[in-house]
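Contents: one structure, followed by commentary.
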Amino acid sequence: MGYPQKVFVTDNQKLCTKCQQTLPISEFWKDATMKCGYFSWCKTCTRGKPFEVTFDAEKNIKKCVTCDEWKPTTEFHNSKAIKCKFSSNCKTCKRKQYDKRKKNNKFATQMHFAKKLGISLDKLNIAFENQNGCCAICKQPETTTHQNGTLRNLAIDHDHETGEFRGLLCSKCNIALGGFKDDLNLLKSAVEYLSK
């Protein structure tokens, strides 16, 4: 079940993002931190309890919904979607969630790009297994690291004209192939040059 694109109050009714029912506005608790002025879940879904205040503008602190701790607003990312302008989770909890997702999905950081190309996570995992976790060109595992020292994922290689997925490459081979602009004549010329 996905979240609706936008939640509006129309004709004194609102959509509950938990039960997906459109209900009278009286069935929602008021919440000054939300743009529409009401909590996202109806009173039934919140078990009849009013929504807990999680932001104190005077003290410039906010409560993280994950670790349940009050922290300075500098410990939260900015968010245009929430009226108080700060995300629901603190930066520490957000990082833990990101790291957990990345650990469970080796292509987590590349999925946005893969989706644009129409490549599924299953297809990436199959290619990764078929290539034994190594580059399709040099047959070696990735050795390049990010600035923070973590190992990079294999790059998603695709035909720039058709968008068709070709395989997974290490950073060095991906950069080299990009330098040759996917031009077979240039690559043949490079092979001839190296053969001298």
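FYI, it's all coordinate maths here, none of it is from the lab. Keep in mind it's a predicted model, so treat the numbers as computed, not measured. So basically every Cβ, Gly included, is an ideal-geometry build from the backbone, and we count neighbours across all protein chains shown.
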Direction-averaged shadow area of the convex hull around the Cα atoms of region 9-49, nm²?
2.6 nm²
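Filter the chymotrypsin sites (Phe, Trp or Tyr not before Pro) in region 103-196 down to the DSSP loop ones having no more than 16 other Cβ atoms within 10 Å, then list what survives. Intermediate results must be reported in sequence, preceding the final value.
Numbers: sites: 107, 113, 128, 165, 180, 193; in loops: 107, 180.
For chymotrypsin sites (Phe, Trp or Tyr not before Pro) across region 103-196 that sit outside H, G, I, E and B with at most 16 neighbouring Cβ atoms in 10 Å, the list reads 180.
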Angle between the Cα long axis of helix 121-130 and the longest principal axis of the chain, 0 to 90 degrees, nearest 10?
30 degrees
Among 32-44, 115-127, how do they line up by average Cβ neighbours within 10 Å per residue, starting with the highest?
32-44, 115-127
Based only on other Cβ atoms within 10 Å, what is the fewest-to-most ordering of 186, 168, 194, 15?
194, 186, 15, 168
On a 0 to 90 degree scale, rounded to 10, what angle separates helix 184-195 from the longest Cα axis of the chain?
50 degrees
A student applying the Cα gyration tensor rule (rounded when a/c is under 1.5; otherwise prolate if a/b is larger than b/c, oblate if not) would label the chain prolate
Pick from 179, 167, 133: which is most flexible by mean-square fluctuation in a GNM of the chain where alpha carbon atoms under 10 Å apart are linked?
179
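Which links in 71/116; 43/94; 30/80; 71/115; 18/80; 123/196 stretch past 30 Å when you go from one Cα to the other?
Beyond 30 Å: 71/116; 71/115; 123/196.
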R0 of 45 Å, Cβ-Cβ distance residue 143-residue 60: FRET efficiency to nearest 0.05
0.50
How many nm is it between the label spots at residue 68 and residue 164, if each spot is 7 Å from the Cα in line with the beta carbon?
5.5 nm
